[in-house]
Amino acid sequence: MEHRWQIAISAGLLASIWAGIADVFHLITWIGFLGCSTFFAQSETGVKGMAMAMATNLSGVFWGWLIISGSGLFTSPMLGYGLTGIVTMAMCLQATNKKLAFIPGAFIGCCITFAMNADIASILPPLLLGAVLGYCMSLLTGLLINLTQKWQPDTSAESAS
């Protein structure tokens, strides 16, 4: 990894800022880090990558809510298990839509919803801000790479002689 230091500085600085913001605004820090991780895990970059991370995570929150809410309507747990299977299929099939093509993002959103017992109000702000955090980390890393390349001595003249 050629730019390890730039990535490390960017991630460390912005992670500490995120932790402080989450604390001040009573947001759940780990949810934001999962939104950030989704940004870096999927293949798109820039604003498009941020939108993909948000869309797939949010779809997963919806699917998780649907499983929790729908399963509560049944008296038999077997029906809830069946609903879980059907919704899992839907999470995979939604990937035919290019904007929802990152299936793990949907599963991340769904798992967060399970962990938070479908407390949507506590899930959405840090999850969306996490994708923004990932985007900002990528921007800062790019800036640090450009700055360090400008400071490096030009060795092309030495290698030509």
Open item on the list: Through the Karplus equation 6.51 cos²θ - 1.76 cosθ + 1.60, θ set to phi - 60°, convert the phi angles of the range 48-56 into ³J(HN,Hα) values in whole Hz; use x for Gly and Pro.
Closed with: 4, x, 4, 5, 5, 4, 4, 4, 5
Task: Sequence ranges 14-22, 74-82, ranked by mean other-Cβ count within 10 angstrom, highest first - done: 14-22, 74-82
- [ ] Choose one of Met89, Met137, Trp30: the residue whose Cα lies farthest towards the positive end of the charge dipole of the chain (beta-carbon charges +1 Lys, Arg; -1 Asp, Glu; about the Cα centre).
- [x] Met89
Open item on the list: In Å and on Cα atoms, what radius of gyration and Dmax does the chain show?
Closed with: 20.0, 82
Open item on the list: Using only Cα atoms and rounding to the nearest 10 degrees, what angle (0 to 90) does helix 103-115 make with the longest principal axis of the chain?
Closed with: 60 degrees
Open item on the list: Using only the alpha-carbon atoms, how far is helix 4-24 inclined from the longest principal axis of the chain? Give it as 0 to 90 degrees, nearest 10.
Closed with: 50 degrees
Task: Separation between Cα centres of the range 82-142 and the range 18-44, rounded to whole Å - done: 12 Å
Open item on the list: Per 0.36 nm of contour for each residue apart, how much would the distance between Met78 and Ala41 grow if the chain were fully extended, relative to their Cα-Cα spacing?
Closed with: 9.9 nm
Open item on the list: Just to be sure I understand the model, the point goes 7 Å from the Cα along the line to the Cβ. What's the resulting Trp30 to Leu139 distance in nm?
Closed with: 2.9 nm
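Summarise the accessible area of the range 1-116 (1.4 Å probe, protein heavy atoms) by the percent that is carbon and sulfur.
74 percent
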TODO: Between Thr88 and Asp119, with labels modelled 7 Å along Cα→Cβ, what's the label distance in nm to one decimal, could you check?
DONE: 2.7 nm
Task: Solvent-accessible area per residue for the range 1-153 (1.4 angstrom probe, square angstrom) - done: 56 Å²
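Mind running the shape call on the range 1-74? Use the C-alpha gyration tensor, a ≥ b ≥ c as the square roots of the eigenvalues: rounded below 1.5 for a/c, prolate if a/b tops b/c, oblate otherwise. It would help to have the intermediate numbers written out before the result.
Values: a/c = 3.20, a/b = 1.66, b/c = 1.93.
Judged from the Cα gyration tensor, the range 1-74 comes out oblate (a/c at least 1.5, b/c at or above a/b).
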Open item on the list: Under a Cβ-only charge scheme (Lys and Arg +1, Asp and Glu -1), can you give me the dipole magnitude of the chain about the Cα centre, in debye to the nearest 20?
Closed with: 320 debye
Task: Highest-fluctuation residue, Ala115, Ala55, Ala106 considered, GNM on the chain with Cα pairs under 10 Å - done: Ala115
TODO: Order the peptides 122-135, 38-51 from the highest to the lowest mean number of other Cβ atoms within 10 Å of their residues.
DONE: 122-135, 38-51
- [ ] Rounded to the nearest 500, what is the 222 nm mean residue ellipticity of the chain from helices alone, with -39500 (n - 2.57) per DSSP H run of 4+ residues and division by all residues?
- [x] -26500 deg cm²/dmol
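Under 8 Å for C-alpha pairs, at least 6 residues apart: give me the relative contact order for the chain, rounded to a whole percent.
Reported as a whole number, the value is 37 percent.
The values are calculated or read from the model by the stated rules, or taken from the named source; none is laboratory data. Predicted model only: the values in this text are computed from it and were never measured. Using ideal geometry, Cβ is built from the backbone for each residue, glycine included, and neighbour counts are taken over all protein chains shown. For accessibility, only protein heavy atoms count, side chains too; no ligands or nucleic acids. Shrake-Rupley method; radii C 1.70, N 1.55, O 1.52, S 1.80 Å.
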